[in-house]
1. Within the stretch 82-108, can you find the residues that are in a loop (DSSP other than H, G, I, E, B) and closer than 20 Å to K149 by Cα?
2. Select from the stretch 91-111 the residues that are loosely packed, with under 11 Cβ neighbours inside 10 Å and more than 20 Å from the chain's Cα centre (by Cα) and write down the one among them that is nearest to F22 (Cα to Cα).
3. Please enumerate the residues belonging to the stretch 142-159 that are surrounded by 20 or more Cβ atoms within 10 Å (Cβ to Cβ) and in contact (Cβ under 8 Å) with a residue 24 or more places away in the chain.
4. Tell me yes or no: at least one residue of the stretch 42-58 is modelled with pLDDT under 95, within 25 Å of E147 (Cα to Cα) and either assigned by TED's automatic domain parsing to the domain that holds G151 or not in a loop (DSSP other than H, G, I, E, B) (or both).
5. Which count do you get for residues in the stretch 109-142 that are part of a loop (DSSP other than H, G, I, E, B) and either among the small types (G, A, S) or under 24 Å from I34 (Cβ atoms) (or both)?
6. When residues of the stretch 67-90 are filtered for being buried (at least 17 other Cβ atoms within 10 Å of the Cβ) and at pLDDT below 95, how many remain?
7. Which one of these is touching a Phe, Trp or Tyr at 6+ places or on another chain (Cβ under 6 Å), at pLDDT 95 or above and among the aliphatic types (A, V, I, L, M): L18, L24?
8. Out of (1) closer than 22 Å to Q21 by Cα; (2) hydroxyl-bearing (S, T, Y); (3) touching a helix residue (DSSP H, G or I) at 6+ places or on another chain (Cβ under 7 Å), what's the single condition that is false for Y161?
Amino acid sequence: MATRLATRRQAREWALQLLVQFDLNPPVDVEAGIDAFWDQQAELEREVLEDGPNRRTELFTSQDPQIQGSLAEMRGFTQDRVRGVWAGRQELDAKIEPYLRNWSIYRLGTVERNVLRLGVWELTNCPDIPTPIIVNEAIDLAKFFSETKSGRFVNGVLDSYAKAVRAPKAETFTPGA
């Protein structure tokens, strides 16, 4: 069976889970909250593995250096986003509000609010990640953790925001040249 490496998709799911948790129950110590989350993920994995070997779920408990390297990288990816979004949530909310069209950020569901915060944070702070990837990942998170129509809403807000703040990539070739 192929080894299971942590992915950016998984890292964004973890980030969203942490952000929703923090939004609903603000931590006194963000770092302690992040550490507790990782401990919980490892414990959940151990519980699943107690039911029998299942390499598809073995990530936190794997001894494979390649898997552990991937996990460390994606934990960093997750933590960068959580720290950045949580510390800048008021500024992010102010950036999002104009694109909500007659809605307030606090009228949104917790999942949608935090998906938008994460998406806007990435659009603002991660110029190396293409806009379509950021928007599509946010749509998928909203649909997975909330409902299908949330994906359409997130798409509309993030697409409008991205068009306003991110310049389109210049063409690398001239057609017909």
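1. Narrowing the stretch 82-108 to residues in a loop (DSSP other than H, G, I, E, B): 88, 100-104, 108.
Matches in the stretch 82-108: L100, R101, N102, W103, S104, L108.
2. Let us first name the residues in the stretch 91-111 that are loosely packed, with under 11 Cβ neighbours inside 10 Å, namely 101-102, 104, 106-107.
From what is left, the residues that are more than 20 Å from the chain's Cα centre (by Cα) are 101-102, 104, 107.
Working: R101: 26, N102: 26, S104: 19, R107: 17 Å.
Once the filter is applied, the top-ranked residue is R107.
3. Initial filter on the stretch 142-159 (surrounded by 20 or more Cβ atoms within 10 Å (Cβ to Cβ)): 142, 150-151, 153-154, 157-158.
Matches in the stretch 142-159: A142, S150, F153, V154, V157, L158.
4. Among the residues of the stretch 42-58, at least one is modelled with pLDDT under 95, within 25 Å of E147 (Cα to Cα) and either assigned by TED's automatic domain parsing to the domain that holds G151 or not in a loop (DSSP other than H, G, I, E, B) (or both), which makes the answer yes.
5. First pass over the stretch 109-142, keeping only residues part of a loop (DSSP other than H, G, I, E, B): 109, 126-130.
Now restrict to residues that are either among the small types (G, A, S) or under 24 Å from I34 (Cβ atoms) (or both): 109, 126, 128-129.
Qualifying residue count for the region: 4.
6. 5
7. Working: L24 fails: touching a Phe, Trp or Tyr at 6+ places or on another chain (Cβ under 6 Å).
Exactly one of L18, L24 is touching a Phe, Trp or Tyr at 6+ places or on another chain (Cβ under 6 Å), at pLDDT 95 or above and among the aliphatic types (A, V, I, L, M), namely L18.
8. The one condition Y161 does not meet is (1).
The values are calculated or read from the model by the stated rules, or taken from the named source; none is laboratory data. On a predicted model such as this, the values are computed, not experimentally measured, just so you know. Here the Cβ is made from the backbone with ideal geometry for all residues, glycine too, and neighbour counts use every protein chain on show.
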